[in-house]
Amino acid sequence: MWKIKDLEINSYVVLAPMAGITSSAYRKFMRRFGVGLVYTEMISDHGIVYKNEETLSYLDIEESERPIAIQIFGGDKEYLLKAIKYIDEHHISHDLIDINLACPVPKVTKSGAGSKMLLNLTYLEECMREIVATSKSPVSAKIRLGYDNEHINVLEVCHILEKVGVSLIAIHARTAKELYSGEPHFDLIKDLGKHLKVPLVISGNIFSVEDAIKALNITAAKAVMVARGGVGNPELVSSLNDYFETGEIKYHPNIVRQKKYCLEFAKLLIEEKGEKKAMSILRGIAPKFFFKMPNIKLLRNALTEHLSTYDDLKEILDKFIPDEE
């Protein structure tokens, strides 16, 4: 359908990188609904270089997950380059190296990484040029509009990224200081996709098909990136694909199907993490499968407070949601 250099992407829906969520299990689960490109969780360059066991586990990628971007963060060019060389030398399955220039979280920005790199464009250009030259695979970047309202430099950053040879740009249409609050400012990058030589992917408050249509129409992006709006809501992806194929909006989540999806994801997560850790993660994610369902507060509370095993999950869901006969 569209290309990143020579890499063909068969859907206009991209799965965003999300810390603590987009592990292998989640990526494989969302693949079933038609995402065309997935990202790893944000991975520390220092963790890779120093061979931290947990960090390296984020690089456990199955061929079935491809095409996939490995997203790295770091504020020191030398460590970023070493991390990329490690990935190439160890033949880790991937299709893109993505550099995180968007993360607004203080524990990332305090080291000069993530969105903090948007404040020093001279260093950013130097760094990204060497990354492109070093990586054996195409390089992409995820950015924000700028660090804060006084430093909205998204157009200048895009120009730099194109100049140094980046192959894809994803933009979260807020500043770093805004975090995830308020409405994204798509108007500040109106028609940007028409002026870039590389594909533009747009991100920010994509919770419905209508949200995606609005973002794409304003920015002329090639594809839409689904993040928080898709967590526990996988039919958002299939509904977006239906829209891109037919022009019709068909989005009618069903509580019995949501129960089925939740159990399917739980099994994948247990395979990856083990039951104890998987259930700990699911206490935060499972309630999202039923977020806008009617009369569901007691179910969501039970999933948050009484979930220790897969059998607990099945028992809770069976109690509140009988299977259709």
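The values are calculated or read from the model by the stated rules, or taken from the named source; none is laboratory data. Computed from a predicted structure; not experimentally measured. Methodologically, a virtual Cβ is constructed for each residue, glycine included, from the backbone with ideal geometry; neighbour enumeration extends over all protein chains shown. What goes into the accessible areas is simple: the full protein's heavy atoms, side chains included, and nothing from ligands, DNA or RNA. Shrake-Rupley method; radii C 1.70, N 1.55, O 1.52, S 1.80 Å.
Rundown of residues vs (1) open to solvent by 20 Å² or more (accessible area, probe 1.4 Å); (2) outside any helix (DSSP H, G or I); (3) closer than 23 Å to Thr40 by Cβ; (4) hydroxyl-bearing (Ser, Thr, Tyr), yes/no style:
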{"site": "Val198", "(1), (2), (3), (4)": "yes, yes, yes, no"}
{"site": "Gly229", "(1), (2), (3), (4)": "no, no, yes, no"}
{"site": "Tyr243", "(1), (2), (3), (4)": "yes, no, no, yes"}
{"site": "Ile249", "(1), (2), (3), (4)": "yes, yes, no, no"}
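Within the range 120-178, how many residues turn out to be free of Cβ contacts under 8 Å to residues at least 40 places away in the same chain, within 19 Å of Tyr79 (Cα to Cα) and among the acidic types (Asp, Glu)?
1
With the structure loaded, tell me whether Arg27 is basic (Lys, Arg) and buried (at least 21 other Cβ atoms within 10 Å of the Cβ) or whether it fails that test.
For Arg27, the condition - basic (Lys, Arg) and buried (at least 21 other Cβ atoms within 10 Å of the Cβ) - is met.
If I ask for residues that are under 18 Å from Tyr123 (Cα atoms) and part of a loop (DSSP other than H, G, I, E, B), which ones from the range 151-196 would you list?
Once the filter is applied, which keeps residues that are under 18 Å from Tyr123 (Cα atoms) and part of a loop (DSSP other than H, G, I, E, B), the range 151-196 yields Asn153, Gly165, Val166.
Give me the residue from the range 88-126 that is within 26 Å of Val14 (Cβ to Cβ) and more than 20 Å from the chain's Cα centre (by Cα) and, out of that set, least open to solvent (accessible area, probe 1.4 Å). Give the derivation first.
Of all residues in the range 88-126, those within 26 Å of Val14 (Cβ to Cβ) come to 88, 90-105, 107-109, 113-118, 121, 124-125.
Next, from what is left, pick out any that are more than 20 Å from the chain's Cα centre (by Cα): 88, 90-91, 121, 124-125.
Details: Asp88: 19, His90: 96, His91: 156, Leu121: 30, Leu124: 0, Glu125: 38 Å².
Result: Leu124.
From the list Ile202, Ile249, which residue is under 28 Å from Pro287 (Cβ atoms), in contact with a Ser or Thr (Cβ under 8 Å, 6 or more places away or on another chain) and without any contact (Cβ under 8 Å) to a residue 40 or more places away in the chain?
On the way: Ile249 fails: without any contact (Cβ under 8 Å) to a residue 40 or more places away in the chain.
Being under 28 Å from Pro287 (Cβ atoms), in contact with a Ser or Thr (Cβ under 8 Å, 6 or more places away or on another chain) and without any contact (Cβ under 8 Å) to a residue 40 or more places away in the chain holds for just one of Ile202, Ile249, which is Ile202.
Can you go through Glu156, Glu183, Glu130 and tell me which one is over 22 Å from the mean Cα position of the chain (by Cα) and open to solvent by 80 Å² or more (accessible area, probe 1.4 Å)? Full working, then the answer.
Details: Glu183 fails: over 22 Å from the mean Cα position of the chain (by Cα); Glu130 fails: open to solvent by 80 Å² or more (accessible area, probe 1.4 Å).
Going through Glu156, Glu183, Glu130 in turn, just one is over 22 Å from the mean Cα position of the chain (by Cα) and open to solvent by 80 Å² or more (accessible area, probe 1.4 Å): Glu156.
Being without any contact (Cβ under 8 Å) to a residue 40 or more places away in the chain and open to solvent by 40 Å² or more (accessible area, probe 1.4 Å) narrows it down to one of Lys273, Lys288, Lys292, so name that one. It would help to see each step written out before you state the result.
Numbers: Lys273 fails: without any contact (Cβ under 8 Å) to a residue 40 or more places away in the chain; Lys288 fails: without any contact (Cβ under 8 Å) to a residue 40 or more places away in the chain.
Checking each option against the conditions leaves just Lys292.
Select from the range 133-149 the residues that are closer than 16 Å to Ile189 by Cα and either open to solvent by 70 Å² or more (accessible area, probe 1.4 Å) or in a loop (DSSP other than H, G, I, E, B) (or both) and list them in ascending order.
Scanning the range 133-149 gives Leu145, Tyr147, Asp148, Asn149.
Select the helices (runs of 4 or more DSSP H) contained entirely in the range 43-98, then report the ones holding at least 2 residues which are more than 26 Å from Asn120 (Cα to Cα) and not polar (S, T, N, Q).
Details: elements: 45-49, 53-57, 77-89.
Once the helices (runs of 4 or more DSSP H) in the range 43-98 are filtered for at least 2 residues that are more than 26 Å from Asn120 (Cα to Cα) and not polar (S, T, N, Q), what remains is 53-57, 77-89.
Which residues, taken from the range 30-43, are open to solvent by 30 Å² or more (accessible area, probe 1.4 Å) and more than 14 Å from the chain's Cα centre (by Cα)? Spell out the reasoning first.
Pass one, the range 30-43, residues open to solvent by 30 Å² or more (accessible area, probe 1.4 Å): 31-32, 42.
Within the range 30-43, just Arg32 meets the criteria.
Given the conditions (1) in a helix (DSSP H, G or I); (2) open to solvent by less than 60 Å² (accessible area, probe 1.4 Å); (3) touching a residue at least 60 places away in the same chain (Cβ under 8 Å), report the number of the one that Met225 does not fulfil.
The number of the failed condition is (1).
Check off (1) without any contact (Cβ under 8 Å) to a residue 24 or more places away in the chain; (2) among the charged types (D, E, K, R); (3) touching a strand residue (DSSP E or B) at 6+ places or on another chain (Cβ under 6 Å) for Asp6 and give me the number that stays unchecked.
The failed condition is (3).
What number of residues in the range 200-217 are assigned to a loop (DSSP other than H, G, I, E, B) and surrounded by 19 or more Cβ atoms within 10 Å (Cβ to Cβ)? Let's see the steps before the verdict.
Start the filter on the range 200-217 by keeping residues that are assigned to a loop (DSSP other than H, G, I, E, B), which leaves 204-208.
With surrounded by 19 or more Cβ atoms within 10 Å (Cβ to Cβ) added as a condition, the list becomes 204-206.
Summing the residues that are assigned to a loop (DSSP other than H, G, I, E, B) and surrounded by 19 or more Cβ atoms within 10 Å (Cβ to Cβ) in the range 200-217 gives 3.
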